[in-house]
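Below is one structure, written out as structure tokens; comments come after it.
The values are calculated or read from the model by the stated rules, or taken from the named source; none is laboratory data. These numbers come from a predicted model, not from an experiment. We place every Cβ from the backbone using ideal geometry, glycine too, and count neighbours over all the protein chains shown.
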Ligand SMILES: [Fe+2]
Ligand SMILES: [Fe+2]
């Protein structure tokens with residue numbers, strides 16, 4: 001058992017690290033959009049961001065959130081409820097962007113608002129949710145592999161032909 005125990009911090013680092021890497025990638029893409037000058041580049045950034053965010057929310061909703069809800073409903077329940085509502089807002093904007101082209105009225109505004117929602121959501125996850133996972137030493141060992149598998153499948157399914 002002692003050996004297993006020594007792996008729990010590594011699993012936390014692995015799982016939270018994977019999610020934090022996704023967060024940083026998304027934040028960088030929203031910054032890149034601000035300096036993009038032509039429509040082709042804008043469309044590329046929007047497509048990349050929406051694919052990455054869709055894979056990320058899927059991993060959280062299929063693995064991370066239900067796992068935490070079961071591990072400690074009192075600690076995580078209301079934070080996770082809010083997170084799911086925030087994901088729903090993001091998905092709605094992603095769906096709308098999927099039907100738009102650069103140059104359309106409100107195209108930039110949709111992506112900018114998606115960035116603002118995403119940054120707010122990331123701050124709440126990292127400052128509240130992840131912090132509590134670390135403080136409560138939640139054992140994430142069983143999550144690491146399924147999360148990696150889901151991410152790989154989600155990104156492969158969305159890869160451009
Ligand atoms: Fe996240
Ligand atoms: Fe999230």
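A few points about this structure:
- The set of residues in the range 49-66 that are more than 19 Å from residue 17 (Cβ to Cβ), surrounded by fewer than 21 Cβ atoms within 10 Å (Cβ to Cβ) and touching a residue at least 40 places away in the same chain (Cβ under 8 Å) comprises 51, 54.
- Subset of the range 99-108 [under 22 Å from the mean Cα position of the chain (by Cα) and loosely packed, with under 11 Cβ neighbours inside 10 Å]: 99
- Failed item, numbered, when residue 123 is tested on (1) in a helix (DSSP H, G or I); (2) under 21 Å from residue 20 (Cβ atoms); (3) touching a residue at least 12 places away in the same chain (Cβ under 8 Å); (4) within 15 Å of ligand 1 (Cβ to nearest atom): (3)
- The listed residue being more than 15 Å from residue 46 (Cβ to Cβ) and in contact with a helix residue (DSSP H, G or I) (Cβ under 6 Å, 6 or more places away or on another chain), out of 86, 82: 86
- Residue in the range 13-25 that is more than 16 Å from residue 123 (Cα to Cα), more than 12 Å from ligand 1 (Cβ to nearest atom) and at pLDDT below 95 present: yes
- Cross-chain or 6+ apart pairs with Cβ under 6 Å, the range 135-160 first and within 16 Å of residue 47 (Cβ to Cβ), then at pLDDT 90 or above: 154/55; 154/58; 155/55; 158/51
- Residue-level analysis places residue 92 outside the set of residues that are away from ligand 1 (no atom under 16 Å from the Cβ), buried (at least 16 other Cβ atoms within 10 Å of the Cβ) and at pLDDT 95 or above.
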